[in-house]
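S.K.: There's a structure below that I have some questions on.
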Amino acid sequence: MPLDFSRARPLLQDGDLAKLFVEELGWEPCRQKLTMRAGERDFAFAAMAEKRGFTAWLCESHDGRLPDHSTRLKLDRALTQTSFEHLIVFATGDRARQSWMWVRREPGKPLSARTHEFTRGQPGDSILQK
């Protein structure tokens, strides 16, 4: 089933990511939660959806600050103990700013982090087409 951009864009704009994954992308709902520490900060993760062992996680920052790239990589590495294949959406509490991160893991090759930044008001096509 092809993605219906006219229905997916408003969900991305509104930050309704669980509905985007489940209702528009056809993933299964997932309700797992966990907390991880990086540096002096705790980060709460909520699984939004999963498909064939691949989990989409949301990490909300309620202070308006998204973690820097190095912290995101540390959190990604720690998260592999819970779900090896995953996508993390780092977002502000209002979800107006989001950083989508997926790390490609291939045997015998170095890890390759793919990041897409999103700010409310952008069309979000680079995220929706991936």
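S.K.: Output the residues belonging to segment 95-125 that are of a type in the set (S, T, N, Q), modelled with pLDDT under 85 and within 16 Å of LEU11 (Cβ to Cβ).
M.R.: GLN122
S.K.: Next up: Only residues that are surrounded by fewer than 19 Cβ atoms within 10 Å (Cβ to Cβ), within 19 Å of CYS30 (Cβ to Cβ) and not aromatic (Phe, Trp, Tyr): list them for segment 77-114, please.
M.R.: ALA78, THR80, GLN81, THR82, GLU85, ARG95
S.K.: Here's a follow-up. Look through GLU106, GLU60, GLU117, GLU50 and report the one residue that is in a loop (DSSP other than H, G, I, E, B) and either closer than 25 Å to PRO2 by Cβ or without any contact (Cβ under 8 Å) to a residue 60 or more places away in the chain (or both).
M.R.: None of the other options fit; the residue is GLU106.
S.K.: In addition: Starting from residues that are part of a loop (DSSP other than H, G, I, E, B) and of a type outside the set (D, E, K, R), keep the ones in segment 27-42 and report whichever is most open to solvent (accessible area, probe 1.4 Å). So that I can check it myself, show each step before the final result.
M.R.: Filtering segment 27-42 down to residues part of a loop (DSSP other than H, G, I, E, B) leaves 27, 30-32, 39-40.
From the residues that got through so far, the ones that are of a type outside the set (D, E, K, R) too are 27, 30, 32, 39.
Working: TRP27: 42, CYS30: 17, GLN32: 85, GLY39: 65 Å².
For segment 27-42, the residue satisfying everything is GLN32.
S.K.: Related question: Between a first residue in segment 25-41 that is under 16 Å from PHE54 (Cβ atoms) and a second residue that is outside any loop (DSSP other than H, G, I, E, B) and among the β-branched types (Val, Ile, Thr), which pairs have beta carbons less than 6 Å apart while being 6 or more apart in sequence or on different chains?
M.R.: Between residues of segment 25-41 that are under 16 Å from PHE54 (Cβ atoms) and residues that are outside any loop (DSSP other than H, G, I, E, B) and among the β-branched types (Val, Ile, Thr), the close pairs are PRO29/VAL22.
S.K.: Next question. Can you pull out the residues in segment 4-25 that are part of a loop (DSSP other than H, G, I, E, B) and surrounded by 13 or more Cβ atoms within 10 Å (Cβ to Cβ)?
M.R.: Passing the criteria: GLY15, ASP16, LEU25.
S.K.: Could you tell me how many of the residues in segment 43-74 are open to solvent by less than 40 Å² (accessible area, probe 1.4 Å) and under 12 Å from the mean Cα position of the chain (by Cα)?
M.R.: 11
S.K.: Of the residues in segment 79-103, how many are within 18 Å of ASP16 (Cα to Cα) and outside any loop (DSSP other than H, G, I, E, B)?
M.R.: Step one: filter segment 79-103 for residues within 18 Å of ASP16 (Cα to Cα), giving 87-101.
From what is left, the residues that are outside any loop (DSSP other than H, G, I, E, B) are 87-92, 97-101.
Residues in segment 79-103 being within 18 Å of ASP16 (Cα to Cα) and outside any loop (DSSP other than H, G, I, E, B): 11 in total.
The values are calculated or read from the model by the stated rules, or taken from the named source; none is laboratory data. Note that the coordinates shown come from a computational prediction; the quantities given were computed from them, not determined experimentally. Every residue, glycine among them, receives a Cβ derived from its backbone with ideal geometry; neighbour counts consider all protein chains shown. To get the accessible areas, we keep the full protein, side chains included, count just its heavy atoms, and leave off ligands, DNA and RNA. Shrake-Rupley method; radii C 1.70, N 1.55, O 1.52, S 1.80 Å.
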